[in-house]
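*Asks:* Take a look at the following structure, please.
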Amino acid sequence: MPEPGAAGASGRPSTDSLRLKLTAPARDALRAALGGRAAGLGVRLWVERGMRPHAQMMLDRASPRDLPVTIDGVPLLVDEASVSFLRDAEVRYRTDVSPPGFEVVGPFLPSLSAPAPAGPTAPAPTAGAPSGPHAAAEESVRSALKNVYDPEIPMNIVDLGLLYGFDWADDGALRIRMTMTSPGCPAVEELVHEVQETARRASGAPNVAVEVVWEPPWSPERMTEFARRQFGYA
């Protein structure tokens, strides 16, 4: 599975395709953090990978594996292995939380908050959404599962097309049929557990089971238009 972001002549990822942005408050806060410190420091930016990849930041000196990039006068040290997750991301500085702090959001990173469990106040399904007595719960589950990522690919499992179906029992129990991008995926058990727990919290179902199926085999054609576009298939 290709990852987004072109490589330069040296084979390393190109910062030209990164398109990383800083909001004005983030720019000012980072400039203030760097001000008065020893020369040569930059803002290290990397992504902790896994089922819920998330960005981390710290002040540090450059290393050989960094991709240095300067945005609005702020020197950033981008981890080479994190470029595919940080593409088109935006660094923000939030003052509406205590304590104030930075967050990094983008199309290849999960949103910061999962939806509330489905219930009487759950939003009505949108056009093209599932119908029936469990429509609101299923919509909530799909939304929550957009925060679960394949450990090796910077895309959530919904847009990757790994979900094959939802089966609801009369008592509200849920069975999710899903697949993996390859039968040799080393994170099957972890991913299944994450999907099961996320779906349980989002649906409020008394029981959630996850069945891994291999037919039909997964292929890039199963990805959403958004994912195909990000990976260069559309």
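The values are calculated or read from the model by the stated rules, or taken from the named source; none is laboratory data. Predicted model only: the values in this text are computed from it and were never measured. Every residue, glycine as well, gets a Cβ built from its backbone with ideal geometry; the counts of neighbours run over all protein chains shown.
*Asks:* Quick check on my filter: what residues within the range 50-79 are closer than 30 Å to Glu190 by Cα, charged (D, E, K, R) and exposed (fewer than 14 other Cβ atoms within 10 Å of the Cβ)?
*Replies:* If the condition is that a residue be closer than 30 Å to Glu190 by Cα, charged (D, E, K, R) and exposed (fewer than 14 other Cβ atoms within 10 Å of the Cβ), then Arg65 is the only one that fits.
*Asks:* Could you tell me whether any residue of the range 211-218 is under 18 Å from the mean Cα position of the chain (by Cα) and farther than 14 Å from Pro151 by Cβ?
*Replies:* Looking through the range 211-218, none of the residues is under 18 Å from the mean Cα position of the chain (by Cα) and farther than 14 Å from Pro151 by Cβ.
*Asks:* To continue, here is another question. Looking at the range 96-103, can you tell me whether even one residue there is more than 25 Å from Val195 (Cα to Cα), surrounded by 14 or more Cβ atoms within 10 Å (Cβ to Cβ) and in contact with a helix residue (DSSP H, G or I) (Cβ under 9 Å, 6 or more places away or on another chain)?
*Replies:* Scanning the range 96-103, I find at least one residue that is more than 25 Å from Val195 (Cα to Cα), surrounded by 14 or more Cβ atoms within 10 Å (Cβ to Cβ) and in contact with a helix residue (DSSP H, G or I) (Cβ under 9 Å, 6 or more places away or on another chain), so the answer is yes.
*Asks:* Take Leu86 and decide whether it is in contact (Cβ under 8 Å) with a residue 60 or more places away in the chain and under 29 Å from Val148 (Cα atoms).
*Replies:* yes
*Asks:* In addition: Residue pairs, Cβ under 7 Å, 6 or more apart or interchain, first in the range 164-189 and farther than 23 Å from Pro220 by Cβ, second of a type in the set (Phe, Trp, Tyr). List them.
*Replies:* Matching pairs, first to second residue: Leu174/Phe166; Leu174/Trp168.
*Asks:* So which of Val97, Val47 ends up being assigned to a strand (DSSP E or B) and either closer than 26 Å to Asn156 by Cα or not hydroxyl-bearing (Ser, Thr, Tyr) (or both)?
*Replies:* The match here is Val47.
*Asks:* Report yes if some residue within the range 205-226 is aliphatic (A, V, I, L, M), more than 28 Å from Pro133 (Cα to Cα) and out of contact with any Pro (no Cβ under 9 Å at 6 or more places or on another chain); otherwise report no.
*Replies:* Among the residues of the range 205-226, not one is aliphatic (A, V, I, L, M), more than 28 Å from Pro133 (Cα to Cα) and out of contact with any Pro (no Cβ under 9 Å at 6 or more places or on another chain), which makes the answer no.
*Asks:* Further question on the same structure: Consider the range 178-193. How many of its residues are touching a Leu at 6+ places or on another chain (Cβ under 9 Å) and of a type outside the set (Val, Ile, Thr)?
*Replies:* Of the residues in the range 178-193, 4 are touching a Leu at 6+ places or on another chain (Cβ under 9 Å) and of a type outside the set (Val, Ile, Thr).
*Asks:* Give me a count of the residues in the range 200-234 that are small (Gly, Ala, Ser) and surrounded by 14 or more Cβ atoms within 10 Å (Cβ to Cβ).
*Replies:* Residues in the range 200-234 being small (Gly, Ala, Ser) and surrounded by 14 or more Cβ atoms within 10 Å (Cβ to Cβ): 6 in total.
*Asks:* Now a separate question. Can you tell me which residues in the range 56-104 are acidic (Asp, Glu) and in contact with a strand residue (DSSP E or B) (Cβ under 9 Å, 6 or more places away or on another chain)?
*Replies:* If the condition is that a residue be acidic (Asp, Glu) and in contact with a strand residue (DSSP E or B) (Cβ under 9 Å, 6 or more places away or on another chain), then Asp60, Asp66, Asp72, Asp79, Glu80, Asp88, Glu90, Glu103 are the ones that fit.
*Asks:* Residues in the range 65-74: is at least one at pLDDT 90 or above, over 18 Å from Pro107 (Cα atoms), not in a strand (DSSP E or B) and not hydroxyl-bearing (Ser, Thr, Tyr)?
*Replies:* Yes, the range 65-74 has at least one match.
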